[in-house]
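A.B. asks: Mind having a look at this structure? Questions to follow.
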Amino acid sequence: CTLLGHHNAFPGLDHKLQRVASQFFLVSPWKSEFRNGKGSPTELHAYNCRDTLVCARLHPVLQIIVKKSAAERAYAMDRRMAEVATKMALDGIPVDLIENRRLASVMKPKIDELEAALVERISTGDVKERFMESLATERAKRKRKDDDEDFMQRHALRLEEAGEEIGEDGVNVDSPDQIIALLKACGVPLMSITKSGKPSTRKEVLAQLVDYPVVKDLLFFRALDKLHGTFVEPLPYHVDRNGRYHVSW
């Protein structure tokens, strides 16, 4: 309830207990002194007591600010939602393992099909030549420790390395450099640049370029692969013997 109160009083700030406490009181960084529950029972008792003491002192202060901010209704709703979430965590959410396996059997072949389609694109026309050239150019921009100062020398070296890296397997869809090179080779104009100086392939950027078939395939592949790898494939390993998944609220 302390952190929920801070969330309602100061919605744009960090709501971790150490940060909240330092906003109001002069306190030592006790959270950083204990990592992952390590320490003797005596030390951990002291740690828990400090947590409790800080919450006890913060609570009346935050109640005043929540009231002044006219956020009491939002705070009450958050606390009710916290009760629901806690009950969900304890009771668990039922998982239909048969449906889970059915989803996996449908999604995995489609993921493999989309990946194969992306890989095969460099085998059409002169796309492979443009792909290799783009990959070597981007990588040559970053000078390594033992590299030559001359850009063209680095480019030639990167081109040779790219040929060995690609081999017979084609594009590695998990390689950001190769995805950038593939998109450029297919004529996709990547105008947005990241802080590191590389062309951006974020979802928000590519969503504006879905008229290009390779972009559409890439976005569909990423979405399906993420869904399958995060929520479908690993789920059976995390349910209890009653077929329930206990979320960590």
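The values are calculated or read from the model by the stated rules, or taken from the named source; none is laboratory data. Small disclaimer: the values here were computed from a predicted structure and weren't measured. All Cβ positions, glycine included, derive from the backbone under ideal geometry; neighbour counts span all protein chains shown. SASA here: full protein model, heavy atoms, side chains in, ligands and nucleic acids out. Shrake-Rupley method; radii C 1.70, N 1.55, O 1.52, S 1.80 Å.
A.B. asks: What is the Cα coordinate range of region 104-163 on the first, second and third principal axes, sorted by size from largest, in whole angstrom?
C.D. replies: Result, largest extent first: 51, 27, 14 Å.
A.B. asks: If you roll a 1.4 Å probe over the chain with all protein chains in place, what percent of the accessible area is carbon or sulfur?
C.D. replies: For the chain, the apolar C and S fraction of the accessible surface comes to 56 percent.
A.B. asks: Distance between the C-alpha centers of region 208-223 and region 55-72? Whole Å please.
C.D. replies: Their Cα centres are 48 Å away from one another.
A.B. asks: To continue, here is another question. Residues with beta-carbon under 11 Å from that of residue 185, excluding residue 185: net charge, scoring Lys, Arg +1 and Asp, Glu -1?
C.D. replies: +1
A.B. asks: Compute the distance from the alpha-carbon center of region 1-31 to that of region 112-175, in whole Å.
C.D. replies: The distance from the Cα centre of region 1-31 to that of region 112-175 comes to 48 Å.
A.B. asks: For the cross-link pairs 143/198; 108/203; 198/226; 141/184; 141/198, which exceed 19 Å when the distance is taken from alpha carbon to alpha carbon?
C.D. replies: 108/203; 198/226
A.B. asks: Over the chain, with the other protein chains present, what is the accessible area per residue in square angstrom, probe 1.4 angstrom?
C.D. replies: About 66 Å² of surface per residue is accessible.
A.B. asks: Taking a quarter of the surface of the convex hull around the Cα atoms of region 134-235, what do you get in nm²?
C.D. replies: 8.4
A.B. asks: Over the alpha carbons of region 29-72, what is the largest minus smallest coordinate on each principal axis, giving the biggest first in Å?
C.D. replies: The Cα atoms of region 29-72 stretch 43, 15, 15 Å along their principal axes.
A.B. asks: For the chain, modelled as a GNM with alpha-carbon contacts under 10 angstrom, which of 151, 24, 231 fluctuates the most?
C.D. replies: 24
A.B. asks: Calculate the all-directions average of the projected area of region 60-143's alpha-carbon convex hull, and give it in nm².
C.D. replies: Average of the hull's projected areas for region 60-143 equals 14.1 nm².
A.B. asks: Here's another thing I want to ask about it. Go through 231, 172, 103 and say which Cα lies farthest out towards the positive end of the charge dipole of the chain; charges sit on Cβ, +1 for Lys and Arg, -1 for Asp and Glu.
C.D. replies: Ranked along the dipole, the leading option is 231.
A.B. asks: Further question on the same structure: Please give the helix 213-227 orientation as an angle from the longest Cα principal axis of the chain, in degrees from 0 to 90, rounded to the nearest 10.
C.D. replies: For 213-227 against the chain, the angle is about 40 degrees.
A.B. asks: Can you tell me which of 221, 131, 34 moves the most in a GNM of the chain? Springs connect C-alpha atoms under 10 Å apart.
C.D. replies: Maximum fluctuation in the GNM of the chain, among the listed residues, is at 34.
A.B. asks: About the Cα centre of region 148-227, how large is the charge dipole given +1 on each Lys and Arg Cβ and -1 on each Asp and Glu Cβ? Please answer in debye to the nearest 20.
C.D. replies: 680
A.B. asks: Share of Cα-Cα pairs in region 179-249 beyond 13 Å, in percent?
C.D. replies: Of the Cα pairs, 71 percent sit more than 13 Å apart.
A.B. asks: With +1 on the Cβ of every Lys and Arg and -1 on the Cβ of every Asp and Glu, and nothing else charged, how large is the dipole of the chain about its Cα centre, in debye rounded to the nearest 20?
C.D. replies: For this selection, approximately 1700 debye.
A.B. asks: What number in nm² do you get for region 1-88 if you take the convex hull of its Cα atoms and divide its surface by four?
C.D. replies: Computing the convex hull of the Cα atoms and averaging its projections yields 6.6 nm².
A.B. asks: Let me ask something additional. May I ask you to rank 128, 203, 68 by accessible area, largest first, using a 1.4 Å probe over the protein chains only?
C.D. replies: Greatest to least solvent exposure: 68, 203, 128.
A.B. asks: Next question, about the same structure. Rounded to a whole number, what is D in µm²/s for the chain from Stokes-Einstein with the Kirkwood radius over alpha-carbon pairs (20 °C, 1.002 mPa s)?
C.D. replies: Calculated translational D: 91 µm²/s.
A.B. asks: Please quote Rg/Rh for region 1-147 to two decimal places, taking the Kirkwood radius as Rh and restricting both calculations to Cα atoms.
C.D. replies: 1.24
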